[in-house]
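So the structure is just underneath, and the comments pick up after that.
Here, each number is a calculation from the coordinates, and none is a lab measurement. Here the structure is a predicted model, which means the values were calculated and not measured. Counting neighbours? That spans all protein chains shown, and the Cβs are built from the backbone with ideal geometry, glycine included.
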Amino acid sequence: MADTRLAPPRDFSARNFPAGTGLAFRDCPGASDVPAVRELLGDTGFFRPDEIGVAAELVEEGLAKGAASGYHFIFAEAGGQLAGYVCFGPIPCSIGSFDLYWLAVDKRLQGRGLGLGLAARCEAAARRMGARGIYAETSGKAQYLPTRRFYERAGFAEAARLPDFYAVGDAKIIYRKILV
């Protein structure tokens, strides 16, 4: 069931999805989300098995501890299947800074605005929790150029670039979006 507190952002249109998909959003993880997140991330072709494992662990942590885990989620479902999700939360030892840990959309649904819709919902929820800014990181590899362009379309700006962070030749690029 959709959480009515998570109204769609103004720039998101459900008409971009086939009729009958029943696009719905919720913010509470369920046990079925652990394997669904694994499958979603695996299908994108962007993530290594260890990265997929970490994403699944964050869902498990959210299930076990709820909001006390520090991990917050928004899940999008279409036709009862996971269509995309975002995981975010406050950065420990900071005041008002949040990390956008994961944001992924089913590759068959990409390019329809769902990722931007999830990002907007994440920002709105983070604001309600006192966020002043959100940080996201990604790889500097050519494969991640669409990811970097996505963050820029979502209003993020590159804040730092750390050469050879993930591996030799693979920079960590940190994006920032000021919310206040």
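Tabulated results
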quantity: Amide proton proximity set for PHE165, modelled H, under 5 Å, gap of 5+; calculated: ASP170, ALA171, LYS172
quantity: GluC sites (Glu not before Pro) lying in DSSP loop within segment 88-180, provided at most 14 other Cβ fall within 10 Å; calculated: none
quantity: Per principal axis, descending, Cα span of the chain in whole Å; calculated: 45, 34, 33
quantity: Separation of the ALA124 and GLU152 label points, Cα + 7 Å toward Cβ, nm; calculated: 2.7 nm
quantity: Spin-label model distance (nm) - ALA67 vs ASP164, 7 Å beyond Cα toward Cβ; calculated: 4.4 nm
quantity: Residue-averaged [θ]222 nm for the chain, counting only DSSP H segments that reach four residues, each worth -39500 (n - 2.57); calculated: -9500 deg cm²/dmol
quantity: Segment ALA31-ALA142, length gained on full extension (0.36 nm per residue, minus Cα span); calculated: 36.5 nm
quantity: Sites excluded, trypsin sites (Lys or Arg not before Pro) in DSSP loops with at most 13 other C-beta within 10 Å, longest stretch of the chain; calculated: 11-106
